[in-house]
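Input: a single structure, listed below in structure tokens.
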């Protein structure tokens, strides 16, 4: 089987790496000859860093990123309204938010890609046709058609793949013009190593430190910003002396949009990342959403290749689309509250929205199944990642379903055997399960909790549907 991935940005390359880990080969088609050199995405959360861990680049990513201390809401005079801290080590084993330069992340991913014999990158090509079963591209004027058992459209907001499957946008009615400025400077910048959100409806702005000498400002502007205007706008944070470097790496105008494709799949042609959804940046989930797409789909596609029920692929859009829609609604609400409120309740909305959107645990909370009792290990949440014997839990679980259990009962062992799920036991995990008041947890390859056995019970009760899809059996022991 060969999977063709259209687009070799972070989402496409991560999808290829995750497929390779599952033993599935892929061909990536990329129109640029090399990585795109200018910065775009700048933040990921700790859950998404587990996806980078699964892709094999956790250590390399740590070397090119820096933890963010959190979010400060400030008024028009830059007085602090509220501050929301982020931990340097969250429940998933990574900083709750990490800042980075996207070209550096892409280089890390490409270097790992080059080490994977199952991944082939073809750069400098123009994809001209996407069909179920094949992709056609041009290289130096010569057309080549590749047969594809599946196609992943990671080709951005102007996706040809989205057009090919007949998808259109569902628009949430949000569109704002912003200017994004990335700067490299050795001048002293008034920064607390977190994000500043200026809650001024006349001139809302966002500021963040990305690297040792790298900073980003975002200003809501309907027109461009010249050099003198830029110096005035950044003056609350930095006033470089004539002999100090102040290099504008990029200055670009964007329309922040909120929209989701009305379909993410036709047959075995799928949409991922910006091809499927676009979100305003106010909760830092743009790239995160695309990497979650890759993590959700890759293992399902690998299982179907190995004989699982084709209907398993239906769960991709069914799970990801509601999650993305909710993230987008939160981002729109956060943007309105933090940049548009002008009445007496504005400061309250600022605080409430920031608490909802930026506090620890929000990404996992968004995954919860409706009607399921809340708790750190509820069905549909991402399982935390403690260290076991000095190693992160995910390194022990492998690429399949897995069971973490204190003393597995015969029923738990039967489910594990049916799903090909290893059972992991360790003293560190025993303490963790006791604390969460469960005896066993069934975890999917993307680290989502499928089911739990409450303390004192003996069986998983919510796994039959997954067992049928994964194993093809009508019943599960």
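No lab work stands behind these numbers, since they all come straight from the coordinates. Every value quoted in this text rests on a predicted model; they were computed, and no experiment measured them. Heads up, the Cβs are rebuilt from the backbone with ideal geometry, glycines too, and the neighbour counts pull from every protein chain shown.
Here are a few things to note about the model shown:
- Nearest-0.05 FRET efficiency for residue 318 and residue 75, computed from C-beta distance (R0 35 Å): 0.25
- Crossing angle, helix 10-21 versus the chain [Cα axis fit, 0-90 degrees, rounded to tens]: 20
- Label point distance in nm, residue 82-residue 136, each placed 7 Å from Cα along Cα→Cβ: 5.5
- Helices in the chain, meaning DSSP H runs of at least 4 residues, each add -39500 (n - 2.57). Divided by all residues, the mean residue ellipticity at 222 nm is -9500 deg cm²/dmol.
- Bins of 5 Å, starting at 0 and running to the largest distance - Cα pair percent for the range 174-257: 3, 14, 27, 27, 17, 9, 2, 0, 0
- Note on residue 163 and residue 253: the model spin-label points, each 7 Å out from Cα along the C-beta direction, lie 2.5 nm apart.
- With all projection directions averaged, the alpha carbon convex hull of the range 61-148 covers 10.9 nm².
- For the chain, the longest principal axis of the alpha carbon atoms and the long axis of helix 427-436 meet at an angle near 80°.
- Between residue 306 and residue 126, the contour length at 0.36 nm per residue exceeds the alpha carbon distance by 61.7 nm.
- In plain terms, the residue of 2, 471 with the fewest other Cβ atoms within 10 Å comes first and the most crowded comes last, giving 2, 471.
- Remark on the range 272-311: Rg and Dmax equal 13.1, 41 Å (Cα only).
- Mean projection of the Cα convex hull over all viewing directions, computed for the range 1-61: 4.8 nm².
- Length-normalised contact order for the chain - Cα pairs under 8 Å, 6+ apart - percent: 15
- With a Förster radius of 22 Å applied to the beta-carbon distance between residue 396 and residue 431, the computed FRET efficiency rounds to 0.90.
- Degrees between helix 346-358 axis and first principal axis of the chain (Cα, 0 to 90, nearest 10): 40
- Compactness ratio for the chain: Cα radius of gyration over 2.2 N^0.38 Å (N = residue count) comes to 1.00.
- Remark: relative contact order (the range 1-41) = 47 percent; criterion is Cα-Cα distance under 8 angstrom and separation of 6 or more residues.
- Inverse mean reciprocal Cα-Cα distance (Kirkwood Rh) of the range 104-219, Å: 18.8
- For the range 420-477 versus the range 263-341, the spacing of their alpha-carbon centroids is 25 Å.
- In Å, descending, principal axis extents of the Cα set of the range 387-471: 35, 29, 19
- In this rough spin-label picture, where each label sits 7 Å from Cα along the Cβ direction, the residue 145-residue 184 distance is 4.6 nm.
- Residues of the range 142-159 with an amide N closer than 16 Å to a point placed 7 Å from the Cα of residue 2 along the Cα-to-Cβ direction: 143-152.
- Applying 0.36 nm per residue to the separation of residue 89 and residue 226 and subtracting their alpha-carbon distance, the gain on full extension is 45.3 nm.
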